Structures are given as C-alpha cells and as structure tokens.
1. Which ones in region 159-205 are out of contact with any Gly (no Cβ under 9 Å at 6 or more places or on another chain) and within 17 Å of Tyr39 (Cα to Cα)?
2. Farther than 27 Å from Trp8 by Cα, of a type in the set (Lys, Arg) and modelled with pLDDT of 95 or more - does that describe any residue in region 150-173?
3. Quick test of your reading of the structure: Asp91 fulfils all but one of (1) in contact with a helix residue (DSSP H, G or I) (Cβ under 7 Å, 6 or more places away or on another chain); (2) closer than 22 Å to Ser151 by Cα; (3) touching a residue at least 40 places away in the same chain (Cβ under 8 Å). Name the failing condition by number.
4. Check whether at least one residue in region 48-60 is assigned to a helix (DSSP H, G or I), open to solvent by less than 40 Å² (accessible area, probe 1.4 Å) and closer than 23 Å to Ala195 by Cα, and report yes or no.
5. Quick test for you: out of Ser112, Ser148, Ser140, Ser74, pick the one residue that is without any contact (Cβ under 8 Å) to a residue 40 or more places away in the chain and among the hydroxyl-bearing types (Ser, Thr, Tyr).
6. Residues of region 8-23 being of a type outside the set (Phe, Trp, Tyr) and surrounded by 13 or more Cβ atoms within 10 Å (Cβ to Cβ), which ones?
7. Within region 129-174, which residues are in contact with a Lys or Arg (Cβ under 8 Å, 6 or more places away or on another chain), aliphatic (A, V, I, L, M) and surrounded by fewer than 19 Cβ atoms within 10 Å (Cβ to Cβ)?
8. Asp32 passes all but one of (1) within 19 Å of the chain's Cα centre (by Cα); (2) over 19 Å from Phe168 (Cα atoms); (3) outside any strand (DSSP E or B); (4) touching a residue at least 24 places away in the same chain (Cβ under 8 Å); which number fails?
Amino acid sequence: MKRPGYLWAAHYASQDLEGGADNAKRYRHVDDPKVGKGYHYMLLIAATDAGVFGDPVPSLVNAALPEQGKKMLSMRAGERVNIFTETCRRDGRALAAYKEGLIGAPYIQVGSFDCDLEFEEEMHAGYVLERLPKMCATPSCIRTRKLSSASGWAKHGIIYEFASKEGFDRDYAPAVANSPLGLNGHSVVPNLTHAPNGPNSAIRIWPPVPKA
C-alpha cells in the first residue's frame, strides 16, 4: 500500500457460488487449462488507474518480495489475475452509512466473464438501464462497479457491494430477478462465458470489518 498510485486493498473469502449446486449447469464456464480454477479467496487491489499496474506489473512486484512473502504466494492454487479498469460506478442506498470510503465493502458478489460479441452492446445497456439501478435501490447495496479488462482472461467484470451478508442474502436475488441483463425483458446471460466457479459471493476478511 506504500506504492505510488495504490489506493486500497481488501482480502475476501468466498462463501457461495451463484446458483449453488446448479452453478455448473446454470452458467457457461471457460474450459481452458491456462485459466486458473481457484475461487476460494480473492484479493482486490485498487489504484488510481490501470496504468499503475503496468509499472511494475504484478508479477515483478511478487518477484521482489522477501522470502516470507514468496513462500505465502507459493501456497496459492489455481490462481488467475485480471487487471480491470472501472467503466461504470453507481452508488447504492447503503452508501451514506458506509464509513470506509472506496474500500471494498464487507460483502461482495463478483462476476468475471466474456460475452459473445454480438450481445456486448445489449449487455452494456442492460447493466446501465436495469441491473445497476435496481441493485443500488436495495437497502443493503453500497455501490456497484462495472469493470473492463486491461489484462487477463476475462474481458468484463462486475462487483456488487453490500453492507452485510444478511443484506446480500435478502436483497441480491430479488434484484437480479427484477433486472434481466438485456433489453425489453431479454437476458444475455446465456451468451456469457464465466470464469471457473463464477459468479460467487465473498466476505471481507481483511481489513477487519468494523463492529456496528
């Protein structure tokens, strides 16, 4: 966090795959041995812009770590990395009570995926006109962030941020059901190819979530 341009970092432990046991049937997933299949933990690091992660790139940052840090990184399995830039952010109803600024929320839902080219424009409109407004209108949503890739397998990313797991469990599924990802009630979700085991929700384990 002392590096120039770095803004915040947050570490998450995955909780649930969207669709539960039916995740693999409900969503199309990439099948490429070069794309890591890990999903149990997520490390989000934010910077002023994507250029910060180009000088130096994350692999060089990791290579310069002391031995203790390298040993910790060697424990990762199925790792994959994406550098995203934030293309659209919308504030939710719970933002006013959130005291940690732009730091990733206590509970998140994350998706990373590719979209069939002919459906990308409709997907973009679906997020702007339907999904983000209706998600942000729920009581526990802090904000939403739509992401586009500068590096990594996934071309697109989405992060929904919630004040608590309880709020997520109450608000997320109804908001999704009420906001088809497309136009005129159509959904492009069948035309998306998700990262392995995605989408999934996760709880923040660092920095510790302040007690209410």
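The values are calculated or read from the model by the stated rules, or taken from the named source; none is laboratory data. On a predicted model such as this, the values are computed, not experimentally measured, just so you know. Counting neighbours? That spans all protein chains shown, and the Cβs are built from the backbone with ideal geometry, glycine included. Surface accessibility is based on the protein's heavy atoms, side chains included, excluding ligands, DNA and RNA. Shrake-Rupley method; radii C 1.70, N 1.55, O 1.52, S 1.80 Å.
1. Thr193, Ser201, Ala202, Ile203, Ile205
2. There is at least one residue in region 150-173 that is farther than 27 Å from Trp8 by Cα, of a type in the set (Lys, Arg) and modelled with pLDDT of 95 or more.
3. Here Asp91 meets the rest and fails (2).
4. The answer is yes; a qualifying residue exists.
5. Selected residue: Ser74, the only one of Ser112, Ser148, Ser140, Ser74 that is without any contact (Cβ under 8 Å) to a residue 40 or more places away in the chain and among the hydroxyl-bearing types (Ser, Thr, Tyr).
6. Of all residues in region 8-23, those of a type outside the set (Phe, Trp, Tyr) come to 9-11, 13-23.
Ala9, Ala10, His11, Ser14, Gln15, Asp16, Leu17, Glu18, Gly19, Asn23 - these are the residues of region 8-23 that are of a type outside the set (Phe, Trp, Tyr) and surrounded by 13 or more Cβ atoms within 10 Å (Cβ to Cβ).
7. Within region 129-174, Ala137 is the sole residue that qualifies.
8. Every condition holds for Asp32 apart from (1).
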